[in-house]
1. Taking 8 Å as the Cα distance limit and 6 or more residues as the minimum spacing, I'd like the relative contact order of the range B:54-171 as a percentage.
2. For the residues B:ASP180, B:ASP154, what sequence is obtained by ranking on other C-beta atoms within 10 Å, fewest first?
3. So what's the convex hull volume per residue for the Cα atoms of the range B:113-214, in Å³?
4. Take peptide B:211-223, look around each residue's Cβ out to 10 angstrom, count Cβ atoms belonging to other protein chains, and average those counts.
5. Label-point separation (nm) for A:ILE235 and A:ALA35, each offset 7 Å from Cα along Cα-to-Cβ?
6. Within 10 Å of each residue's Cβ, count the other Cβ atoms and sort B:PHE116, A:PHE176, B:PHE55 from fewest upward.
7. Of the cross-linked pairs A:LYS129/B:LYS162; A:LYS151/B:LYS239; A:LYS100/B:LYS244, which ones have a Cα-Cα span greater than 29 Å in the structure shown?
8. Using the number of other C-beta atoms within 10 angstrom as an exposure proxy, rank B:LYS239, B:LYS68, B:LYS162 with the fewest first.
Amino acid sequence: MSNKDEKSDLDLRGSGEALGGSGEQELSSGERAEASALRDSLETGSVDAMASLLTAALRPGELDDAVHEQILAAALGLTVQSAVVPSSVALAAEAPADQKEQLAADALRAALDAQRVDHPLVTLAHALKNADAPRPIDDIKNEALLRPALKLPSRRNSRRVAFGATLGALALAAGFVGLYVSSPGLFSAPQAAPAAMVAPPPADLFVPGMVEVRSTTELFQAEDFPRTGGATRRIDRISTARQADLRQNRFAEWGLP
Amino acid sequence: MTAVPLESPFPGELGFAPVGVAIRALLTRLSMAVSVSVQPATLAAIVRPVAGLRFEPGVEQELCARAKSGDRVALGSILRAYGPILYRSVLLPRLGSDAVAQDALAETYARVVERFDQYEWQDCGVYPWLRVVALRIALDILRSKKREMLFEPDDLAREIDKADKGGKATIDVELYEARDMEAARAKVDAALKTLNPRYERAIRLRVLEERPREDVARELGVSVATFDVVLHRALSSLKKTLQKAGLAPVGDKSESAS
């Protein structure tokens, strides 16, 4: 025991002798306050150095299991990750929660129920679970991870590519056919082709009164068409002219004047 | 060990389908439970290799030789057999999160494909080499993210050193698997032992055993609402302990402070 402790003991004995000798009137107000504080702390179980010494001597408590494990592990030379658990933590395990803590506990419960990994304590819980009893990886997931590494095309992707290419080719072909049917002039020689170069229809198909095959050049000799641009108007004019020609030819074929 | 299908027409050409997975799973169970040795050529005509199956040493050596010469089908067979083991016993316990562990497995596959030409056959088989590759990937992730718990980079560095020295190389993949998983469980136990016994019990029952909170509350002798608070305190306390040791995620200060 240190000199200071010895002095405290002496002072305490002195107080006791004085109390026993002349009664409570000799207590000062400061002493009363200290005595009151000591009584309160003993009753509420809060830790006071002197009270702890006296309690430990008179009523030694049980050694906390966690503390014992720590001491034992240290003695056996095992790895210990943290210092001894303070007994105050053990006492606080069931202490009432304030509103903030209750809210945090509710949030944790909700996050655990929803398996939300954005909650840090849920992340920790998952880490514990995954270290203690890791689940196997799903076969499909494993395959999805493996294929890119091996650079093997997946069947689904291959199908998608093939389907897309086929569909694209069909759409392109249909577009060309449609365009050709609706406006065959677009695929003929440029409009500057001279009329003399256009082949006459076969003689057996020719009916008197029919409009002869002709170039579209003559349709655009009017000065209102610019040299460039105006494609829509040009197509409209060709279409109108060809429709008129077709109508005329059908009438001629049927023998109508 | 059970014989395994090898000559696989598998993957790129035949693709992948859930039905195939189910068939393979069924065949796996049958082959393991009844100990039927299936002829490779016969089974290969029906299904692809089963993830998680082990190879006979001679067959594995032949596969490795083919893979080393650039045969991706052979390498795919090896990785299909051992990848799930790496995930479950090496990556997931050390990295803690499914998503991170899956990223690590993908990275492991990529690195194996890239460097398999450097692999030299050993009598202990290819798994120890694959395990070291996976450990190195996990170590890189632990060092870069600094948010995983329980395992610290030094733990993995020590494991890699030990494996590099070839101390206890064995051909038994299951032994590696068991050792790795036991090491992870020991980490969990050590971490939980630092807690108040009530906290440890709350975490064991609710998190590790995944028992309903009502049951756990009853077992601890508290109301369900009080149990929620106890579990919150327990996990917060564990997080603080791990943070002190420099291992825990540091994302949410408020949680650790509560």
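1. Values: 103 pairs, mean separation 32.1, N = 118.
Relative contact order here is 27 percent.
2. Numbers: B:ASP180 23, B:ASP154 10.
So the residues, fewest neighbours to most, are B:ASP154, B:ASP180.
3. 141 Å³
4. 1
5. Result for the modelled spin labels: 11.2 nm.
6. By the 10 Å Cβ count, ascending, the order reads A:PHE176, B:PHE116, B:PHE55.
7. A:LYS151/B:LYS239
8. Details: B:LYS239 24, B:LYS68 16, B:LYS162 13.
Ascending Cβ contact count within 10 Å gives the list B:LYS162, B:LYS68, B:LYS239.
Each reported figure results from applying straightforward, stated rules to the coordinates on display, with no laboratory input. The model shown is predicted, which means the values in this text are computed figures rather than measured ones. Glycine also receives a Cβ, built like all others from the backbone with ideal geometry; neighbour counts cover every protein chain displayed.
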